[in-house]
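To keep things clear, I will list the structure first and then write my remarks on it.
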Amino acid sequence: MDEIVFNRIIVFLFLAVSVGLTYLIIRKSNRKAQDKNKAKAGCFTAFFIWVPISLLVVLTPFMLLLGVSTVKQLYQLASDSDFKPYTAQVVRYEDIHTERFSDRNGSSHTTRYVEMGTPVVTFTIESGKELERALPFATEVNGESSYNIRYKASTDEIIVTDVFIVVKIIGLIIFFVIAVFAYWGIYGYLTDRPMKNYGNYLAYGVLYGIILTMTMGLWAGLIYAVLTKELSLWWQVVCVFFALSLTPVIIQIFRPMFRFMFRSKVRDRLKQKRKTTYRKDY
């Protein structure tokens, strides 16, 4: 099958799923509005429902594939000793293109254009042979001058172990937390499932899935910068200070989880066996 035809079929399927979900939600909303004698949702409301649903539907399969590949890479790094660590130096960039970024600071709005490209690196393996490989992502041209990588000679595989993999993990966790609660909410709304504890679970998901992940990612990034980057003494002190400042925040977020895990069943009043004493009347 031609690649263009295949891509069109995929786009059509994503569009059909997102439009179908939007239609079901609007139909359900209009039925509830009719029962309460309220105005029905129109095209404007349908559009604002369709936009986030379409983004969710389109991103889900790509994020699943990215998640599978990331888990595979982490497993390989942990179990496969054939992946040897190297420091790869950037020699040039391929597929250079310009991307536009918008910065908003209060009432001011600025637009900047940044050259992006795929970094091509060189590194010398244990046999003394120098290899040249392209990394599997695009970044700002003339940004990083080197990357920490793991390379397996037998399969010619490269895994970037710099901040890149940490950013992927954080992004995947945040996306899947949002996706799980979004699909759960859509399913519960369409099927009239009881959503009594949905708000509580959503709060825990935001706390542990998003806020904690971002906080720990920032903490790990600061420690990583101190240990691996050539920073001045001043910047090392700043990074260590903020890392130490984030430590009690992380501990405070974990405390409710620890209390829940190690709470004694005897202290749970709902599960205590209450003894009742009966007195005989003579």
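Please find, within the range 45-90, the residue that is surrounded by the most Cβ atoms within 10 Å (Cβ to Cβ) out of those that are of a type in the set (Gly, Ala, Ser) and not in a helix (DSSP H, G or I).
Narrowing the range 45-90 to residues of a type in the set (Gly, Ala, Ser): 46, 54, 67, 69, 78-79, 81, 88.
Among the residues that remain, those that are also not in a helix (DSSP H, G or I) are: 81, 88.
Details: 81: 6, 88: 23.
Going through the qualifying residues, I end up with 88.
When 186, 170, 165 are checked against the criterion of being touching a residue at least 24 places away in the same chain (Cβ under 8 Å) and in contact with a Ser or Thr (Cβ under 6 Å, 6 or more places away or on another chain), a single residue qualifies: 170. If the condition is being under 28 Å from the mean Cα position of the chain (by Cα) and more than 21 Å from residue 192 (Cα to Cα), then the range 1-44 contributes 6, 7, 8, 9, 10, 11, 12, 13, 14, 15, 16. Residue count for the range 34-44, restricted to those that are outside any helix (DSSP H, G or I) and not polar (S, T, N, Q): 6.
Scanning the range 222-246 for residues being at pLDDT 85 or above and of a type in the set (Ser, Thr, Tyr) gives a total of 1.
Filtered by the rule that a residue be over 25 Å from residue 161 (Cβ atoms) and touching a residue at least 12 places away in the same chain (Cβ under 8 Å), the range 53-71 gives 53, 54, 56, 57, 58, 59, 60. Return yes when residue 208 is surrounded by 15 or more Cβ atoms within 10 Å (Cβ to Cβ) and farther than 21 Å from residue 164 by Cα and no when it is not. Criteria met by residue 208.
The values are calculated or read from the model by the stated rules, or taken from the named source; none is laboratory data. This is a predicted model, so every value here is computed, not measured. When we count neighbours, we look across all protein chains shown, and the Cβ atoms used for this are built from the backbone with ideal geometry, even at glycine.
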